[in-house]
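One structure is given here, and the rest of the page talks about it.
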Amino acid sequence: MSPILRTLGRATLAIGIGSFGLLGACSRSHDLDDAALRDADADSAEWLSYGRTYSEQRHSPLKQIDEASVSRLGLAWSVDMQTLRGLEATPLERDGVLYTTSAWSVVYAIDARTGKVLWRHDPGVPKDHAKFVCCDVVNRGVALYGDKVYVGTIDGRLVALDRKTGAPVWSVQTTPIDGPYAITGAPRIAGGKVVIGNAGSEYAVRGFLSAYQAETGDLAWRTYLVPGDPSKPFEQDALRRAAASWSGQWYKAGGGASPWDPIVYDPALDLVYVGTANANPWYPELRGDKEGDNLYASSIVAIRASTGEIVWHYQTTPGDSWDYDATQPITLADLVIDGRPRKVLMQPNKNAFLYVIDRETGKLISATPYASMTWATGIDSSGRPIVNPAARPTAMGAIVSPADYGAHNWNPTSFSPTTGLLYLAVTDGGVLLHVVDPKFKLNPNDRTMGLDPRYAGPLKAKRDSLAPLAKGRLVAWNPVTHREAWRVDHPGLRSGGTLSTAGNIVFQGRGDGSFAAYRATDGKLLWQYDAQVGIAAAPMTYAIDGVQYVAVLAAPPGYYLDPKIRLGPGRLLVFALDGKAALPPNPVRPATPIPPPTFTVKATPAEITEGGGLFGMYCRRCHNPDFNYVKSGSIPDLRRANEATHATFEQIVRGGARRTLGMPSFAKDISSDQVRMIEAYVLDQARQVSSVSRAAEGGH
């Protein structure tokens, strides 16, 4: 691990800074302390942390907007977030100011009444670090504490900003410099510390969680989530015990288990709960010389907030072979189960089981399928999944459900103490073709997935025939009775996070741009708004001067594979009763047919096939032809590249000619000859697609 680097943050743009003290909904201290965060549920007007309160229930006591009045809801104002990339943050609100993030970890402070931008901080993330980001250069938001705003950056820094001005106060490098780590998740505050995770389990990383002193940025503790080289001392006994579940030289690939999203704190128990990502490489055959559980990957882990000690764990997918991270939302609640009160945490896992776990002990209470699955047939008496042997990936391939994007992903869920229901987006029937790459060799500079991108066997056609059958829906789930209370089917696969309120409302956005309000008790549609662009983020609500507002960020991330997705500029939308603001028209238009190429690159059929495999390994992560027409050129469809682009193809791919635009150099990964093969494959694909389009139009 590189030593912590302390630097001043990069460029901050201060725009029209006003007096923050006059914006508050009521008289209060301008600083936000531990007591205020613990008592956040008593303050119905504000939204002080990622999930509103430490329980992360995302339920608001506000009820001015209810099932009777919601039909009057209208746009109060909007802000252009200056990006065509994905927006995933939940805004926070304190003293009349909204704090949120845009792509590339840019932070905004916005007047919560009017939408006026008060300041904007750009941390200056090197654009070519996008190479190490799995799923768009997104950020899920900030944390507030004292007089500071905290944000994690794509390149692995944790930055503290002055809440009034946006000026940098301190900055620490939380990950190895230039390593394949990233931060996309929101920090959390736990007992005077700022807790932050990291992403990167598609790469050679060793996942860890870090806590820093909120005032100074000094490292308080660091907890690794997988054991390191066993020839060296283990950082704590829990890692020594975990090492028995690994084999071979797993540590050369890092091990994975990145805690890239949920960080939930229970101050009464002094426990921080995190979900960890997959082990790496993806497939056990490539991780060691014998199968093992690979702790603490694909697990929910409880960590002592004061010391960083691992207290307990529950592994949702032992020996994960399918990229079933346990990084979905974690919600805390006190429920009566089998006649007695239980302190629980709930998680709708990627693997299609919804878990209810005793958060004091880590003991499983229930694990119930909430979507279709083929990878497992149930849970045994010890709490382990009963794996379907036919779902094990091999070089021959296996088609498995859920897909690697999961039955549920990172999108926040909400829980209403009034209805007792958990509200979540579900993707049912998604499938993935898992094929182990027989040519796989570990490259610490690149992905360690081991998935064969060259496979073109019979299972590919079967996968393609099953993919259109997947469906998306909003589900209300009862965690006590272990069953679905109601559902609303959606036209597309992917939907946004949810918000529930005391007005008996559930708010949710969809990938097709619909932002809707449903009755929380039965799912009846009560109100709908066309946001003009897809929504992945979760809404939040706050009140100022007796007016309740609902806010949501709109712009889907680039990986949202769904033909229903609507694309366009990222915006913050804020609604109130009788709002009359007009939303500027979306300038992005549907993609036109791909024109036939006017030139060729010399290559044999075998080289074009090889170019397709290389494209799958290095290019498809961003330039996916299934969805890369998105973002109006921000992530271009390479099949549309013109002759001038092809003339500089190698300078772009290996020379880094477009590094400042987010296109990294792959000079360490592929040769000039391989670039030629990729280019030939892209042109061949353009030729095929354009010929199909012409045939469909009658040859014109």
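The values are calculated or read from the model by the stated rules, or taken from the named source; none is laboratory data. Given the structure is predicted, the values throughout are model-derived calculations rather than measurements. Note: ideal-geometry Cβ built from the backbone for every residue, glycine included; neighbour counts use all protein chains shown.
Please pick out the residue among VAL137, VAL194 that is modelled with pLDDT of 95 or more and either assigned to a loop (DSSP other than H, G, I, E, B) or touching a strand residue (DSSP E or B) at 6+ places or on another chain (Cβ under 8 Å) (or both).
The match here is VAL194.
Among the residues of the stretch 495-527, count how many are more than 22 Å from ALA407 (Cα to Cα) and among the hydroxyl-bearing types (Ser, Thr, Tyr).
Qualifying residue count for the region: 2.
Given the condition among the polar types (S, T, N, Q) and over 22 Å from SER382 (Cα atoms), answer yes or no: does some residue in the stretch 281-303 qualify? Full working, then the answer.
Initial filter on the stretch 281-303 (among the polar types (S, T, N, Q)): 294, 298-299.
Retained after the next criterion (residues that are over 22 Å from SER382 (Cα atoms)): none.
Checking the stretch 281-303: not a single residue is among the polar types (S, T, N, Q) and over 22 Å from SER382 (Cα atoms).
Mind counting the residues in the stretch 207-266 that are assigned to a loop (DSSP other than H, G, I, E, B) and of a type in the set (D, E, K, R)?
Qualifying residue count for the region: 6.
Testing TRP282 on (1) in a loop (DSSP other than H, G, I, E, B); (2) of a type in the set (A, V, I, L, M, F, W, C); (3) modelled with pLDDT of 95 or more, one condition comes back false. Which one is that?
Looking at each condition in turn, TRP282 falls short on (3).
Check off (1) of a type in the set (Gly, Ala, Ser); (2) modelled with pLDDT under 95; (3) in contact with a strand residue (DSSP E or B) (Cβ under 9 Å, 6 or more places away or on another chain) for GLY420 and give me the number that stays unchecked.
So the condition that GLY420 fails would be (2).
From the residues in the stretch 87-134 that are in a strand (DSSP E or B) and among the aromatic types (Phe, Trp, Tyr), which one is nearest to MET663 (Cα to Cα)?
Here the residue is TYR108.
Can you tell me how many residues in the stretch 586-608 are surrounded by 13 or more Cβ atoms within 10 Å (Cβ to Cβ) and β-branched (Val, Ile, Thr)?
Qualifying residue count for the region: 4.
Go through the stretch 456-473 and give me each residue that's surrounded by fewer than 21 Cβ atoms within 10 Å (Cβ to Cβ) and of a type outside the set (A, V, I, L, M).
GLY457, PRO458, LYS460, LYS462, ARG463, ASP464, SER465, PRO468, LYS471, ARG473
Out of all the residues in the stretch 405-446, which are surrounded by fewer than 19 Cβ atoms within 10 Å (Cβ to Cβ) and among the charged types (D, E, K, R)?
If the condition is that a residue be surrounded by fewer than 19 Cβ atoms within 10 Å (Cβ to Cβ) and among the charged types (D, E, K, R), then LYS439, LYS441 are the ones that fit.
Which one of the conditions (1) assigned to a strand (DSSP E or B); (2) crowded, with 19+ Cβ neighbours inside 10 Å does PRO402 fail to meet, given that it meets all the rest?
If we test PRO402 against (1) assigned to a strand (DSSP E or B); (2) crowded, with 19+ Cβ neighbours inside 10 Å, just (1) comes out false.
Of the residues THR361, THR374, THR327, only one is over 27 Å from the mean Cα position of the chain (by Cα) and part of a loop (DSSP other than H, G, I, E, B); which?
When all the criteria are applied, what remains is THR361.
Give me the pairs, please: first residue somewhere in the stretch 661-681 and assigned to a loop (DSSP other than H, G, I, E, B), second residue anywhere and among the aromatic types (Phe, Trp, Tyr), beta-carbon distance under 9 Å, and either six or more positions apart or on two chains.
Every condition considered, the pairs that remain are GLY662/TRP104; PRO664/PHE132; PHE666/TYR618; ASP669/TYR618; ILE670/TYR618.
Please go through (1) surrounded by 19 or more Cβ atoms within 10 Å (Cβ to Cβ); (2) modelled with pLDDT of 85 or more for ASP669 and return the number of the only condition it doesn't satisfy.
(1)
Within the stretch 573-622, which residues are among the β-branched types (Val, Ile, Thr), in contact (Cβ under 8 Å) with a residue 24 or more places away in the chain and more than 29 Å from HIS129 (Cβ to Cβ)? Break it down into steps so the answer makes sense when it comes.
If we filter the stretch 573-622 for residues that are among the β-branched types (Val, Ile, Thr), which is where we start, we get 574, 588, 592, 594, 598, 600-601, 604, 608-609.
Narrowing further to those that are in contact (Cβ under 8 Å) with a residue 24 or more places away in the chain: 574, 588, 594, 598, 600-601, 608-609.
If the condition is that a residue be among the β-branched types (Val, Ile, Thr), in contact (Cβ under 8 Å) with a residue 24 or more places away in the chain and more than 29 Å from HIS129 (Cβ to Cβ), then VAL574, ILE594, THR598, THR600, VAL601, ILE608, THR609 are the ones that fit.
Which of the residues belonging to the stretch 643-653 are in contact with a helix residue (DSSP H, G or I) (Cβ under 6 Å, 6 or more places away or on another chain) and not aromatic (Phe, Trp, Tyr)?
Once the filter is applied, which keeps residues that are in contact with a helix residue (DSSP H, G or I) (Cβ under 6 Å, 6 or more places away or on another chain) and not aromatic (Phe, Trp, Tyr), the stretch 643-653 yields GLU650, VAL653.
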